[in-house]
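A quick write-up on the structure given underneath.
The values are calculated or read from the model by the stated rules, or taken from the named source; none is laboratory data. All figures in this text were calculated on a predicted structure; none of them were measured in a lab. Here the Cβ is made from the backbone with ideal geometry for all residues, glycine too, and neighbour counts use every protein chain on show. With ligands, DNA and RNA removed, areas are computed over all heavy atoms of the protein, side chains included. Shrake-Rupley method; radii C 1.70, N 1.55, O 1.52, S 1.80 Å.
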Amino acid sequence: MSESDKRQAAFAVLAVALTIALVVFLSREQPTVPAKAASAAVPLVMHTSGGRLEVATVDNTESFKLEDAREILGIPLGTTVSSLQVQVKYRYYIDMAKEWPIEISEGVATVHAGEIKPQLPVAIDTTTMEVFTSNGWARFNKHDNLQKLERSLSPMLTARANGYKAMVVEASRKSVTDFVHTWLLNKLPHDGPTPTIRVFFPGERASGGKAALAS
């Protein structure tokens, strides 16, 4: 091999070595960019047996009064007064759909629950009931007046149960959240994070990640 051929061979080997070194260098300099999946909501359907889910209770001592005043020809005959006091337990529930849709997006599970309803008739503890009734000065109907008050007890308790609904919204939300959380723990992969759960009742909308009344 001539001296010229040896130089050409040496240059060829050097060129190959430089090319390999350049490839290795560039592969080290360029950071690996991981593929990023597009964020999309994942719909789930929670199957239940239906029925009711109790979400809150309220214990209170309720008092009621019924007055009956009479007069004849402008002459007052007095006022019969009857009163009643009893311990009451209000229970609240939501109807469970047999297929309850849950939407999971960006680590948040959104649940639209049913309306909060009072369980009727309202439960009372009759052993705690205290009654009082007295006639007006010219009246003799104290027992009838008390019976009338007792007959009206159920509708009055129903009205108060509906009036207390606003008090139990957050307690109800926590109950539904706990129920859904337990279900998700059984359905989602155990090695993955459990999503944050947001529960909305009818008439509410999302506001800063929380529930708010729809305007």
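Brief remarks follow.
- Some residue of segment 176-198 being touching a Phe, Trp or Tyr at 6+ places or on another chain (Cβ under 7 Å), part of a helix (DSSP H, G or I) and modelled with pLDDT of 70 or more: no
- Residue check, Gly51 of a type outside the set (Lys, Arg) and without any contact (Cβ under 8 Å) to a residue 12 or more places away in the chain: no
- Under the condition of being open to solvent by less than 30 Å² (accessible area, probe 1.4 Å) and either aromatic (Phe, Trp, Tyr) or in a loop (DSSP other than H, G, I, E, B) (or both), the residues counted in segment 142-165 number 0.
- From the options Val168, Val88, residue that is open to solvent by less than 80 Å² (accessible area, probe 1.4 Å), touching a helix residue (DSSP H, G or I) at 6+ places or on another chain (Cβ under 7 Å) and touching a residue at least 12 places away in the same chain (Cβ under 8 Å): Val88
- Residues that are open to solvent by 50 Å² or more (accessible area, probe 1.4 Å) and of a type outside the set (Ser, Thr, Tyr) within segment 172-201 comprise Lys174, Asp178, Phe179, His181, Leu185, Asn186, Lys187, Pro189, His190, Asp191, Pro193, Arg198, listed in sequence order.
- Scanning segment 118-132 for residues that are touching a strand residue (DSSP E or B) at 6+ places or on another chain (Cβ under 6 Å), in a strand (DSSP E or B) and open to solvent by less than 100 Å² (accessible area, probe 1.4 Å) yields a total of 7.
- The single condition from (1) touching a helix residue (DSSP H, G or I) at 6+ places or on another chain (Cβ under 8 Å); (2) modelled with pLDDT of 90 or more; (3) open to solvent by less than 60 Å² (accessible area, probe 1.4 Å) that Ile102 fails is (2).
- Where strands (runs of 3 or more DSSP E) sit wholly within segment 50-110, those with at least 2 residues that are under 19 Å from Ala123 (Cβ atoms) occupy 52-72, 75-95.
- Whether a residue is at pLDDT below 95 and not in a loop (DSSP other than H, G, I, E, B) was assessed, and Ala40 does not pass this test.
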